[in-house]
Amino acid sequence: MYEQLYPCDHCGGRGTAGFSQRVVAEIGQAGFDYGRFGRHAGPPKIGDALTRPAYAPKTEKLACIYCADCGMTTPWIAVDNDEHAALDQCAKIWNQRLDRPKVTDGDLRDLIEKEVGACDAQMVINLLARNEGDWEARGPIFAMLAQRLVDAAISTNDCWPIQPLLNDAARYRKLMQLVKWVDIDGERYAQFPKIPTPGDHSDLVFEDRIALAVDGMPDRDRW
Ligand SMILES: [Zn+2]
């Protein structure tokens, strides 16, 4: 059921099931308690679900859906016997209260700032190349993307070295292409090739030596 709840209407937080209890007896009725277990103790509190002592006034169990971030909540629904039914009722109310904020330029900018990185240059260039019309509207977005690429390229170089990562990824791809299937006793194995390493590389660091050895392997003839 959780996955069917819309994010919080107010802050975008996650809807969460909350439980509590309240005294069954109304003011004036026998059994009502003005003490710390009574209604004067305030409205039901989320998480107040522990069984009360036998001498305390009788309570009924309550359920609601609330936002874990900002606390916005549905009304409390009494749980008779079926907790799921009560939560379903809450969920219906929760999902009805939907007045989603409109997308703004700021949202789009945030998305671009968060999601586009230096390695997306090809994607952005491809988008530009494929765009055929509506330059008036899309131009500023392309400008935003281009600016983000420049920014990312500058800040990424310092804090997150992309190039070594890409080189390693390329080496792994090459190894993948050189893998052969070997069938032994009915089982299939992936066999990586033996990779020669020249003797004059023996002074190098372990990783560098392996990297050079892999780079020296021929590409597989894929045709
Ligand atoms: Zn919220």
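A Cβ distance below 7 Å, combined with a sequence gap of six or more or placement on separate chains, defines the contacts here; from region 53-82, residues that are farther than 17 Å from Gly15 by Cβ reach no residue that is within 16 Å of the ligand (Cβ to nearest atom). Filtering region 43-67 to residues that are in a loop (DSSP other than H, G, I, E, B) and surrounded by 14 or more Cβ atoms within 10 Å (Cβ to Cβ) leaves Pro44, Ile46, Asp48, Ala49, Ala56, Pro57.
Among residues of region 64-97 being among the aliphatic types (A, V, I, L, M), farther than 15 Å from Gln4 by Cα and in contact with a helix residue (DSSP H, G or I) (Cβ under 8 Å, 6 or more places away or on another chain), the one that is nearest to the ligand (Cβ to nearest atom) is Ile77. Considering every residue within region 173-196, establish whether at least one is farther than 30 Å from Gly12 by Cβ and within 30 Å of the chain's Cα centre (by Cα). Looking for residues that are farther than 30 Å from Gly12 by Cβ and within 30 Å of the chain's Cα centre (by Cα), one finds at least one in region 173-196, hence yes.
Against the condition in the same structural domain as Gln89 (by TED's automatic domain parsing), among the small types (Gly, Ala, Ser), touching a Cys at 6+ places or on another chain (Cβ under 8 Å) and modelled with pLDDT of 85 or more, how does Ala63 come out, does it pass? Yes. Looking at (1) in a loop (DSSP other than H, G, I, E, B); (2) modelled with pLDDT of 85 or more; (3) surrounded by 11 or more Cβ atoms within 10 Å (Cβ to Cβ), which one does Leu175 not meet, given that it meets all the others? Here Leu175 clears every test but (1).
The values are calculated or read from the model by the stated rules, or taken from the named source; none is laboratory data. Bear in mind the structure is a predicted one, so any value in this text is a computation, not a measurement. Every residue, glycine among them, receives a Cβ derived from its backbone with ideal geometry; neighbour counts consider all protein chains shown.
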